[in-house]
Amino acid sequence: MTPEPTSSKGEAPKVLAPEGPLALGSAYGIELEYMIVDRKTLAVRPIADQLLSVVSGGEPVDFEEGIVAWSNELVLHVIELKTNGPTPSLAGWASAFQAAVTRINAELEPMGAMLLPGAMHPFMDPAHETVLWPHDYGEVYRTYHRIFHCFRHGWANLQSTHINLPFANDAEFERLHAAIRALLPLMPAIAASSPVVEGVVTGVLDRRLDVYCTHQSRIPEAMGLVIPDTYLDQAEYDEKIFVPLRKAAAALDPDGLLVPEFLNARGSIARFQRGAIEIRVLDIQESPRMDLGVALLVTSVVQALAEERWAPIEILHALETEDLRKTFDACIASGGEAMIEDSVLLTALGRGGPMTAADVWRELLEEVRGKSAAWKELGPSIEVILDHGPLARRLLAALGEAPDHERIELVWRRLSGCLADGEAFLPAPAIPAGGPSGRGDG
């Protein structure tokens, strides 16, 4: 058994076994999704079930390795790592997840495969390369495919980081939901990592979110405007989201396999059975340390908003969903360079304006930065993003002008090395064709 990783202060990360609801701000749940790819070609490899069978010693089932759990996703080339329960602190978790990455890469090496980070595979063709998870829960996945056609971007080619934050009652739900809703539009500015799709530089830094915004449009009640409207309690949420969603889905899913709580595909979704809200708009980064840095900054600002540090809750409720969506779209396209002009949003965040999204985040960081072990450990990761741009910008800088398939593959090999070593993808001159190949080339 691998020893439990420790934080910079020496304490091991923990998971809780709560007997009742957890209070707002008391815990976190983190989920990280990675692609499994061929070590030689970087093509996706649909072998997540083989991996889980090997480590579990039998059936392809969820695997628990201490405080980190591994599980499958919709498609066979994706594996998810997650905190094996809620955790009271983000300190030490970068090392815990990194240890899991190292173990998985070791298990995949005899299969000629490895893990690859980034929110979209840069040259996967989902129409021809997608394989759905066929085992337990497979009938549900097949139902999703029958209704939404999952062999496409937005379903088969996306990897993200999810953050789950708890609430104990309706009053805490109201505050947490309002805080997350206000910050969602700005999250792509620091998390975008998907600028290349099917070998093409798309001109959109967060192409994953760009396609995500329409991936369940066959049932509009599942998507809304992606940015959710204001909801004050569970009863209102059920009335305005779950009831219409059940009715809309019934005609397409007469067997009732698709649970509304999971069919809901907004950028943040309430999980009332868990007593948590899940944030879903963050692209996966190049290594767990970078993801945990993003999570620390996001959750710290969410907590400050919920505590009304900069504006009363009424200001958060006054934010118009359509205006938030405009800001969201701007950050999806341009990342930190997007200009934030929504005066109500800037007021809610305690800012003047107009200003770029990157400048908003820089100012917020200075106000929420703490002295805890988590901040000492993860603060440098946040500085990389704010100093050099989101991962998508750094990838584009390495690609240079008009990159071909070979150049894209070289850059993404370097990205795989960052994941293997737990490092940041730092800006560098464009990698020339025939240049360094990174890991996984033999």
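The values are calculated or read from the model by the stated rules, or taken from the named source; none is laboratory data. None of the values given here were measured: they were computed from a predicted structure. Please note: Cβ atoms are built from the backbone with ideal geometry, for glycine as well, and neighbour counts cover all protein chains shown. Just the protein is used for accessible areas: all its heavy atoms, side chains included, with ligands, DNA and RNA removed. Shrake-Rupley method; radii C 1.70, N 1.55, O 1.52, S 1.80 Å.
Considering only protein heavy atoms, what per residue accessible area in square angstrom results for the chain with a 1.4 angstrom probe?
Heavy-atom accessible area per residue stands at 37 Å².
At 0.36 nm per residue, and after removing the present C-alpha to C-alpha distance, how many nm does the segment from ASP233 to VAL140 gain when stretched out fully?
30.6 nm
In Å and on Cα atoms, what radius of gyration and Dmax does the stretch 1-156 show?
Every Cα atom of the stretch 1-156 included, Rg and Dmax give 16.8, 50 Å.
Given a cut-off of 31 Å, name the pairs among LYS247/LYS326; LYS40/LYS82; LYS240/LYS376; LYS82/LYS376; LYS14/LYS247 whose C-alpha atoms lie farther apart than that in the structure shown.
Beyond 31 Å between Cα atoms: LYS240/LYS376; LYS14/LYS247.
Could you give me the ³J(HN,Hα) list for the stretch 208-214, computed from phi with Karplus coefficients 6.51, -1.76, 1.60 and θ = phi - 60°, whole Hz, x at Gly and Pro?
Here the 3J(HN,Hα) series is 4, 5, 4, 7, 4, 5, 10 Hz.
Tell me whether the chain comes out rounded, prolate or oblate; compute the Cα gyration tensor, take square roots of the eigenvalues as a ≥ b ≥ c, and use a/c under 1.5 as the rounded threshold.
The shape class here is rounded.
Taking 7 Å along the Cα-to-C-beta vector as the label spot, tell me the ASP359-ALA402 distance in nanometres, rounded to one decimal.
3.5
Just to be sure I understand: with springs between alpha-carbon atoms less than 10 Å apart, which residue in HIS317, HIS149, HIS177 has the highest mean-square fluctuation in the Gaussian network model of the chain?
Comparing HIS317, HIS149, HIS177 in the GNM, the peak value goes to HIS149.
What's the center-to-center distance, using Cα atoms, between the stretch 337-409 and the stretch 230-298 in Å?
So the separation of the two Cα centres works out to 25 Å.
Roughly to the nearest percent, how much of the accessible area of the stretch 29-421 is carbon and sulfur, given a 1.4 Å probe?
On the stretch 29-421, the fraction of accessible area on carbon and sulfur atoms equals 50 percent.
More than 27 Å apart: what percent of Cα pairs in the stretch 226-382 qualify?
33
Please give the length that would be gained between LYS240 and ASP323 if that part of the chain were fully extended, namely 0.36 nm times their separation in residues minus their C-alpha to C-alpha distance (nm, one decimal).
27.9 nm
How much length, in nm to one decimal, is gained on full extension between LYS376 and VAL259, taken as 0.36 nm per residue of separation minus their Cα-Cα distance?
Residue separation times 0.36 nm, minus the Cα-Cα distance, leaves 38.1 nm.
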